[in-house]
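For reference, the structure discussed in these notes is given below.
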């Protein structure tokens, strides 16, 4: 089941030759109607029977780039946030010597990263990530194997988004069906 909302009905219009899409505008700037959602949320049920929530909101103040996930289950929990992108919070009560979350730093576990910035927890820059993405893509070309994520992954994500849009319209649960046209 998915819902959407436009909380801020009007926003400053882009000014020719000024700023980027991140601009906030100033008092007195001309405004126009907002035509896309500020908020989208979904309650989801996976094929395994596990339940989850998906949320995105661009109209609130707080984190600047909180693209994050949190997983909670009967055997443990894990969470990650883009603002602390080289830190994974992990809780595996049957395997850890301490009670509660431990912090796992990126580093040696990621072979391409350690060649650019040695040591755990060091951040990669945008350009560093693009180098790694290009390397992985070229490896797939040389080996003749499909690159991941690829077209099938993008199609799967689009199929989920389409089910969410259908849910907005029907106000009911909607199944995810492939958008593939054979």
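Laid out as a table, the results:
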read-out: Kirkwood hydrodynamic radius over Cα pairs of the stretch 48-94, then Stokes diffusion coefficient at 4 °C and 1.567 mPa s, in µm²/s; value: 104
read-out: Two-site label geometry, residue 1 and residue 36: point separation in nm, points 7 Å out along Cα→Cβ; value: 2.7
read-out: Share of pairwise Cα separations in the stretch 42-141, more than 22 Å, in percent; value: 50
read-out: Stokes-Einstein diffusion coefficient of the chain, Kirkwood radius over Cα pairs, 37 °C, 0.692 mPa s, in µm²/s; value: 160
read-out: Nearest-0.05 FRET efficiency for residue 154 and residue 77, computed from C-beta distance (R0 41 Å); value: 0.90
read-out: Residue 47 paired with residue 139, simple spin-label distance in nm, labels 7 Å along Cα-to-beta-carbon; value: 2.6
read-out: Under the Debye formula (equal points on every Cα, no solvent term), log10 I(q)/I(0) of the stretch 10-81 at q = 0.14, 0.15, 0.20 Å⁻¹; value: -0.67, -0.72, -1.00
read-out: Crossing angle, helix 126-143 versus the chain [Cα axis fit, 0-90 degrees, rounded to tens]; value: 70
read-out: Projected label distance in nm at residue 173 and residue 26, using a 7 Å step from Cα toward the beta-carbon; value: 5.3
read-out: Between helix 151-170 and the chain: long-axis angle, C-alpha atoms, 0 to 90°, nearest 10; value: 40
read-out: Cα gyration tensor of the stretch 134-182 - equivalent ellipsoid semi-axes, whole Å, descending; value: 32, 10, 6
read-out: Fraction of alpha-carbon pairs over 20 Å apart in the stretch 81-182 - percent; value: 64
read-out: Mean separation of Cα contacts under 8 Å, 6 or more apart, over the residue count of the chain: relative contact order %; value: 16
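Just so you know, all these numbers are worked out from the coordinates, no wet-lab data involved. These numbers were taken from a predicted model, which means no experiment stands behind them. Note: ideal-geometry Cβ built from the backbone for every residue, glycine included; neighbour counts use all protein chains shown.
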